[in-house]
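Below is one structure, written out as structure tokens; comments come after it.
The values are calculated or read from the model by the stated rules, or taken from the named source; none is laboratory data. Quick caveat: nothing in here was measured; it's all calculated off a predicted structure. Cβ sites come from the backbone with ideal geometry, for glycine too, and all protein chains shown count toward neighbours. Heavy atoms of the whole protein, side chains included, go into the accessibility calculation; ligands, DNA and RNA do not. Shrake-Rupley method; radii C 1.70, N 1.55, O 1.52, S 1.80 Å.
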Amino acid sequence: QKKYYYQAAVEAKLLLVLKENDGQNVERVVKLLDYFVWRNHLCLVFELYQINLYEFIKMYDYQGFDYGLIRRFAIQLLSALRYLKKLGIIHCDLKPENILMK
């Protein structure tokens, strides 16, 4: 549908802004490598990550983690959000499934 294609185009544009403003590749945000159109679908190509936070939590049977690990996750997440704020971008779908781990 046209609205989904438009939404993907908006996301691709924002991802390119994130990439262009991180020349040193130090910010903790996903990097868009490429994009292309296939059968009227906009396809986005990202660097490969291991697992998302939801799957990581599920893997440990939803038992929770020690404070040190939670602190490391929180610092990295807040660092990424600070970068988005600096660029005037608001992440509207922040959830464990969208937090990727290397």
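Note down the accessible area of Tyr6, probe 1.4 Å, to the nearest 10 Å².
150
Angle check, please: helix 67-86 long axis (alpha carbons) against the longest principal axis of the chain (alpha carbons), in degrees 0 to 90, nearest 10.
Around 30 degrees separate the two axes.
By how many degrees, 0 to 90 and rounded to 10, does the Cα axis of helix 2-20 deviate from the longest principal axis of the chain?
70
With label points built 7 Å along Cα→Cβ from the Cα atoms of Leu16 and Gln50, find their separation and express it in nm.
3.3
Let me know the shape class of segment 10-56, please: from the alpha-carbon gyration tensor, a ≥ b ≥ c as square roots of the eigenvalues, rounded when a/c is under 1.5, otherwise prolate if a/b is greater than b/c, or oblate. Walk me through the numbers before you get to the answer.
Values: a/c = 2.32, a/b = 1.16, b/c = 2.00.
Note, shape of segment 10-56 comes out oblate.
Which residue fluctuates most in the GNM of the chain (Cα springs below 10 Å): Leu84, Leu15, Leu42?
Among Leu84, Leu15, Leu42, the largest mean-square fluctuation in the Gaussian network model of the chain belongs to Leu42.
Taking H as built 1.01 Å from N, whose amide H comes closer than 5 Å to the amide H of Tyr35, not counting residues under 5 places away?
Correct list: Val45.
Could you quote the convex hull projected area for the chain, Cα atoms only and averaged over all directions, in nm²? Present the calculation step by step, with values, prior to reporting the outcome.
Working: hull surface 31.2 nm².
Over all viewing directions, the chain projects a mean Cα-hull area of 7.8 nm².
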